[in-house]
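Contents: one structure, followed by commentary.
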Amino acid sequence: MKKIIAILLILTFTMITFSSCGGVPVELLDFIGSDDGVIDLGGKDFIFLGDNEGDENSIIDGQIQANTTLYDAVLKRFDEINKRYGINIVYDCLGNSDTYEERFTALMMTGDCPGDIIYGVGNSKLQPFAEAGYLYPLTAVKEFLDYENSAKFGTAGILEGAMVNGVPYAVQPVMWPGFQNNFSFVLVYNPEIVLSQGYTDLHEYYENETWTWDVYQSMIENFDKGGDEDLYALSGMERDFADLALRSNGVKYVDYIDGTLKSDITSAKAVTALQWMQNIYNNNTEKIEILDGWTLTSFTEGRVMTSIAVTPQLTVSELQFESNIQFSIMPFPCGPDGVYGEWAQSAAAIRGIAIPANSESPEISARVINDLCEPFEDFGGDEGLAEYFNEYVFFNELDTEIFLTIGDHIRYSYFRSDPGVSTLLYKIEAAYKSSSAVEILESIEPKLETFIEETVKPNYVNYIHDHLYAE
């Protein structure tokens, strides 16, 4: 059953009914060049194809608080787009995240149009779809979808999450609810525990530009459990901490070194970062709880001082709905070889929006995506979004500032999601207790160099270099 969302500006309610997928005849695109600029598709059901099974309106429900100014602005945006193009926006769940790929692939292979827009799907599916030719290249609709507009779609580094030979196939909006810095990392902390340990609030280190490895290491090493075995200085997976340590010390995994694209995984700054991670985890075992960024139960119960969290936890999960404490956030501290203020950030995945390759109206799909993700001017644009986070998500305005800017230098982490090299961080996790930093990194380098040559280099040569490296 397909779920139809009829967004009405005056009534602002959601109506669920049945629909079917149908492409827009190419001749309708003639409306784009009409004198009045009107595109009227006659009430066509315009399908947003997602994988959030169980939600009646997965486009926005669960992503933002209902009955808020931002929620109303989103409903108004849907209504405007429906009227602008003569469409009826539909959310169709093509199964859950486990079955989506199989069902989508089957539809594409039969030549059927599965939907007009692929919405909110992870790059673990989008990247294989792009490589298989199932997605429409965004370069072909750049006139209608301004994917290089960083105010709307973030940095070029995010586009790498669904890119083949330098051609992007999906965007991850910056301003649209539920997509901000998605699947990246942030350090959440309990201000009460920080103060009880004799430290000033961590935001003061941020504002004084003194938030460095040394400060954080001191906090962990000097942490006083006070006889409470269930109290921890840090919760976080070793691989996540190692990744952030490497990036916070200026390691890029792949970089132009003396004019040649190669790995910097065995550089001196990489060795320094991994050694620091080993010191933290090997020398403070009783003060660290090994939990991944999706599991914040101990933190929400007030038993952890700092925790590495995946960013969706801040807005749609445990921290929002199950937390018994007031929390704040910080970027991961800067290492001695890092650039202060260019905070370490790793996109473990992206949550993207794309266009099926066999769409009969890719230009209209591109226009809809572009219009959908425009800043909410009547809501206050960036300032309005900040107001929403100040009121409904965070307890401190500086938390909002950090959250909205922490991804300014974000890079997609090929080395988490690609099966060819995903063992890089797991290798660190498995060996950091028994092997030296040099031994671990040198064992990783050959496989990484091969991966860079075959997979990463085409994107760098054809796109990333000009957008991130060129003067």
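What the table below lists for this structure:
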quantity	calculated
Hypothetical label at residue 66: residues of region 81-95 whose amide nitrogen lies under 18 Å (7 Å Cα-Cβ projection)	91
10 Å binning of all Cα-Cα separations within region 237-316, expressed as whole percents from 0 upward	16, 39, 29, 13, 3, 0
GluC sites (Glu not before Pro) within region 123-165: DSSP coil, no more than 16 neighbouring Cβ in 10 Å	143, 148
Accessible carbon and sulfur surface of region 212-347 relative to its total accessible area, %, 1.4 Å	41 percent
Potential lengthening between residue 207 and residue 453 on full extension [0.36 nm per residue; Cα-Cα distance subtracted]	84.5 nm
Accessible area (Å², 1.4 Å probe, nearest 10) - residue 214	120 Å²
Area accessible to solvent at residue 201, 1.4 Å probe radius, in Å²	40 Å²
Cα-derived Rg to Rh of region 169-289, Kirkwood definition	1.03
Cα-based equivalent ellipsoid of region 69-170: semi-axis lengths in Å, sorted from largest, via gyration tensor	24, 20, 14
Per DSSP, loop chymotrypsin sites (Phe, Trp or Tyr not before Pro) in region 263-294 with at most 14 further Cβ within 10 Å	294
Per-residue SASA entry for residue 218, accessible area with 1.4 Å probe, Å² rounded to 10	40 Å²
Region 77-147-region 428-471 distance, computed between alpha-carbon centres (Å)	31 Å
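The values are calculated or read from the model by the stated rules, or taken from the named source; none is laboratory data. Since we're looking at a predicted model, the values are computed, not measured. Heads up, the Cβs are rebuilt from the backbone with ideal geometry, glycines too, and the neighbour counts pull from every protein chain shown. Accessible surface is based on the protein model in full, side chains and every heavy atom, while ligands, DNA and RNA are left aside. Shrake-Rupley method; radii C 1.70, N 1.55, O 1.52, S 1.80 Å.
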